[in-house]
Each structure stands twice: as structure tokens, then as C-alpha cells.
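Novice: Please read through the structure below; I'll follow up with questions.
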Amino acid sequence: MKRRSWLYLIAAGVLLAGAFTWAFRPRPLPVEVAAVLQAPFEQTIDEDGRTRVRNRYVIAAPLSGRLARITLDPGDPIAAGATVARIAPTPPALLDARTLRELQERVGAAQAQLAQAGAEQARADAAHAQALTDLARQRKLEGEGFLSAAARDQAELTARVQLRALEAAGAGRDAAVHALAQARAAVASTRNGNASQGLPVISPVNGQVLRVLQRSEAPVTLGTPLLEVADPQDLEIVVDLLSTDAARVAAGARVHVDAAGAPLTGRVRRIEPAAFTKVSALGVEEQRVNVLIDLDAAAAPPNALPNAAATATPHAASTAARLGDGFRVDLRVVVLAQSDAVQAPLAALFRASDDSGQAAAGGDDRWVVFVVEDGRAVRRPIRVAARNTQAAWVREGLRAGEQVIVYPSDILQHGRRVSVVRGR
């Protein structure tokens, strides 16, 4: 074979080998990347809570009686000392004809007793007058020497006895007068209703009506709840946290509040010292602790996360004004804050492992990410200081501006060529 033919065969072989090499070389793996940021970082406990008025007043019936219909509605303003309800004495029960007749006859008997008592008083009065006349005559005869002292003493005793009899007759007539009045009142109460307006029930504070607990006219007993009143603008937020989470919260911690899409802020005022048992939706018993939060002005926090609202809006202010008692709100209680932290998306992190595939020892801060360098995925260990639901605060291993691969697949290896299909 000629030399030129050998050269053609060698060139064809080289071209064929190059074609095979190009055809079967590893292709770049398409990946999604995200930038490492340097921004304020917050670790939060996310939970939903509810608003409630700080001071609630339940107005109750101060006595038993018949409550007049309450005309106030929830939301109506009231002033301290204003009348919110009236309670009248309970009218007597209806009587049958026999009982009514007995009461009427009792009036007649009382009238007869009054007449008898009047006659007894007149008789006692006449007897007392006669005794006084006899006493005067006996004293005159004694002065002239025609009567003994013993006879005069007897006349004085008779006069005193008649005086006491007159007093007793007067007291008997007074008793008869009262008995007649009582009998007449018993009959009158069955015929005429009580025309009194009743005892007014007043509000102890300025505020608004939250709930009307007893609206219709009805008999009530002492202590029956009638209305709830409060100042609906004086609100606080209560949230029940797991006891393990509540132990991480400190008084004064900042709280981000999401009320109908409007960002508000607040501060933790108190963590209650006693926990309670609550059954979750899955039927698991949990130990919960109530945390009380005071609302600040309607504004977003100045060092909010990049995806949070950074400025206050008129909608936030109007939403805060429209919040009322028992409204549901979403909360993020800040337990850790760093003003300037290197952050990587949480989706880019995975646990470091040894050659056997087991997670390496070293604590919770041992994590690994893939960094894109010169078109290749570089496996890099990092140390994580804290995490939230979106990002991780990286203490060592990353710099702001680097690109990390999010949602890395199992086939991604160190040094593998990659192509970015989507980045953020």
C-alpha cells in the first residue's frame, strides 16, 4: 500500500476516534443555582395567634328581677356611667279566683279589725278621762279632810292603769291600719303591674360593646352576664407555643405580624410561667405555653428579610385599625438576629457524609454545598450558625456573590461539568 493511503487511513482513524470521544463524553448536567447573599438574618418561630382586648369587662345583673330588652348592638360606643340595661322587680305570680277572693276577704277582715280597734281606743279614752276626773275629785276631798290617803292612792293607780289601756288601744289601732294596708297591697299587686322603670345597670368604663349576652326581656338572677364591653383598640396578641419553643423566646423579642397581608410589628411582653396540655390535629398531646405580644405602630421591621416588605404602607395602618377581638394573625417570633450575615438558600444544603455514605460526626453545623466554579460543581463543606425556613447563616465556607446549586441531584459529583438552566 502506498504511503499516501496509509496517511488517509491514519487520519480517518483519528477523526473516527475524535468523533467517538466527542459523542460519548459526559455532557454538562443542567442545574439551578442561587446567589449567596450578605444581608440581615433572623431565626424565627412561626405560629398563628389571635388578638384579644387587653381589659375585658363583663357587666352582670346586680340583683334578681326582670331585665328590660337591651337595645345596644355589638360595636356601639358607650361611656363610663351610661345606662346599658334596666332591671325591674319581678311581678308576682298570677292568682286563681279562689286565692283572689281570699285576699279580698282579708281586706274586709282588716277593715273590721280596724273599726274594732277604733272602738276599743275610744272606750279606753273615755275610761281614762273618767279616771282623771275621779282622781281630781279624790284629791279635793283629801285636801278638805273628808278622804283618806289610801283612797287617793287607789284613784291614782286607776288613772295610770287607764292611761296604759289607752296606749295599748292606740297601738292596736295602728296595727290594724298596717294590716289593712298590707291586705290592700296584696290585692292591688295582682291587678296592677309594677310601673317602676327599674334599677339602671351602668357601664364601668368607656369603650364599645363586644357582645350582648342577654338581649331579650327575661327574668334574670343575681350575677347573670348581660354584656361584654372593652376598648377594641387596646389589643394584645396571644399565641400558644410549644414549651420547647417558648423556652427559646425572651421578653422583649421582636415579632413580625402578618394581618391580612399587612406587615405589622410587636414585642413579646410576657411568657406565662405555666404550661397546659393541648391535643393537636393529629391527636398528639402537646405542652403549650401562652406568649403575650404587644403591637407596635403599623410598620414593617427595618431589617426585614429580603423577601419581606421593607416599608410601612397605608394598608398596614388601616389594617391595624380594623383589627378587633379574636382576629387570627400569622406570627414570626424572632429568637436570633444577625444584622450582617452570609446566607445560602436552605435548598442548597445537604449533610456531609463519609465514604460509606453515613453522615459525618461533628455536630449540627457540618453541612455541604455545591459551588459553581468555572462551569464545574465543586463540593465544599461549610459551617452553619443558624437556619430559618428559607436560608441558612453560613459562618465559614462561602462568600457573598458565589453561586450555589439548589436541589442537587444524587448523580451530581464533585468536579462534574454543569450548565445553569435557571438562576436567582
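The values are calculated or read from the model by the stated rules, or taken from the named source; none is laboratory data. This is a predicted model, so every value here is computed, not measured. Glycine gets a Cβ as well: all are built from the backbone with ideal geometry, and neighbour counts include every protein chain shown. Note: accessible area is taken over every heavy atom of the protein model, side chains too, but ligands, DNA and RNA are not part of it. Shrake-Rupley method; radii C 1.70, N 1.55, O 1.52, S 1.80 Å.
Novice: When the residues of segment 58-88 are narrowed to those that are open to solvent by 60 Å² or more (accessible area, probe 1.4 Å) and assigned to a strand (DSSP E or B), which ends up farthest from Gly207 (Cα to Cα)?
Specialist: Looking at the filtered set, the residue picked out is Arg66.
Novice: Kindly indicate whether Val255 is under 22 Å from the mean Cα position of the chain (by Cα) and open to solvent by less than 20 Å² (accessible area, probe 1.4 Å).
Specialist: Details: under 22 Å from the mean Cα position of the chain (by Cα): yes; open to solvent by less than 20 Å² (accessible area, probe 1.4 Å): yes.
Judged against the criteria, Val255 is a match.
Novice: Check whether at least one residue in segment 130-152 is touching a residue at least 24 places away in the same chain (Cβ under 8 Å), out of contact with any Cys (no Cβ under 7 Å at 6 or more places or on another chain) and among the charged types (D, E, K, R), and report yes or no. Steps first, please.
Specialist: Kept after step one, since they are touching a residue at least 24 places away in the same chain (Cβ under 8 Å), are these residues of segment 130-152: 130-132, 134-135.
Narrowing the set further to residues that are out of contact with any Cys (no Cβ under 7 Å at 6 or more places or on another chain) leaves 130-132, 134-135.
Still in the list and also among the charged types (D, E, K, R): 134.
Yes - at least one qualifying residue is present in segment 130-152.
Novice: Of everything in segment 258-273 that's open to solvent by 40 Å² or more (accessible area, probe 1.4 Å) and in contact (Cβ under 8 Å) with a residue 12 or more places away in the chain, which residue is nearest to Val329 (Cα to Cα)?
Specialist: Within segment 258-273, the subset open to solvent by 40 Å² or more (accessible area, probe 1.4 Å) is 258, 260-261, 267, 269-273.
Okay, now just the ones that are also in contact (Cβ under 8 Å) with a residue 12 or more places away in the chain, so 258, 260-261, 267, 269-272.
On the way: Asp258: 6, Ala260: 8, Gly261: 10, Arg267: 15, Arg269: 17, Arg270: 18, Ile271: 18, Glu272: 20 Å.
For segment 258-273, the residue satisfying everything is Asp258.
Novice: Just give me the residues in segment 134-157 being under 18 Å from Ala124 (Cα atoms) and open to solvent by less than 60 Å² (accessible area, probe 1.4 Å), in sequence order. Please lay out each step first, then the result.
Specialist: Here is the first cut: in segment 134-157, the ones under 18 Å from Ala124 (Cα atoms) are 134-135, 155-157.
Within segment 134-157, Asp134, Leu135, Ala155, Glu156 meet the criteria.
Novice: To continue, here is another question. Name the single residue that is surrounded by the most Cβ atoms within 10 Å (Cβ to Cβ) among those in segment 380-424 being touching a residue at least 24 places away in the same chain (Cβ under 8 Å) and in contact with a Gly (Cβ under 8 Å, 6 or more places away or on another chain). Break it down into steps so the answer makes sense when it comes.
Specialist: Within segment 380-424, the first condition is being touching a residue at least 24 places away in the same chain (Cβ under 8 Å), and the residues that meet it are 381-382, 384-395, 397-409, 411-424.
Now drop any that are not in contact with a Gly (Cβ under 8 Å, 6 or more places away or on another chain), which leaves 381-382, 403, 417-419.
On the way: Pro381: 13, Ile382: 22, Gln403: 18, Arg417: 13, Val418: 20, Ser419: 11.
Among those that are touching a residue at least 24 places away in the same chain (Cβ under 8 Å) and in contact with a Gly (Cβ under 8 Å, 6 or more places away or on another chain), it is Ile382.
Novice: Do we find that Val177 is open to solvent by less than 50 Å² (accessible area, probe 1.4 Å) and within 60 Å of the chain's Cα centre (by Cα) in this structure?
Specialist: Values: open to solvent by less than 50 Å² (accessible area, probe 1.4 Å): no; within 60 Å of the chain's Cα centre (by Cα): yes.
The answer is no for Val177.
Novice: Turning to a different aspect of this structure: Quick one: count up the residues across segment 380-424 that are touching a strand residue (DSSP E or B) at 6+ places or on another chain (Cβ under 6 Å) and assigned to a strand (DSSP E or B).
Specialist: So the count comes out to 24.
Novice: For Thr244, are the conditions met, namely being open to solvent by 20 Å² or more (accessible area, probe 1.4 Å) and within 30 Å of Glu285 (Cβ to Cβ)? Please lay out each step first, then the result.
Specialist: On the way: open to solvent by 20 Å² or more (accessible area, probe 1.4 Å): yes; within 30 Å of Glu285 (Cβ to Cβ): yes.
It is true that Thr244 is open to solvent by 20 Å² or more (accessible area, probe 1.4 Å) and within 30 Å of Glu285 (Cβ to Cβ).
Novice: Could you identify the single residue in Ala129, Ala136, Ala109, Ala85 that is at pLDDT 85 or above and farther than 30 Å from Pro219 by Cα?
Specialist: Working: Ala136 fails: at pLDDT 85 or above; Ala109 fails: at pLDDT 85 or above; Ala85 fails: farther than 30 Å from Pro219 by Cα.
Only one candidate qualifies: Ala129.
Novice: Among the strands (runs of 3 or more DSSP E) lying completely within segment 212-285, list those that include at least 3 residues that are under 26 Å from Thr44 (Cα atoms) and of a type in the set (A, V, I, L, M). Explain how you work it out, then say what you get.
Specialist: Working: elements: 218-220, 225-230, 235-242, 254-259, 262-271, 276-279.
Counting at least 3 such residues, we get 235-242, 254-259, 262-271.
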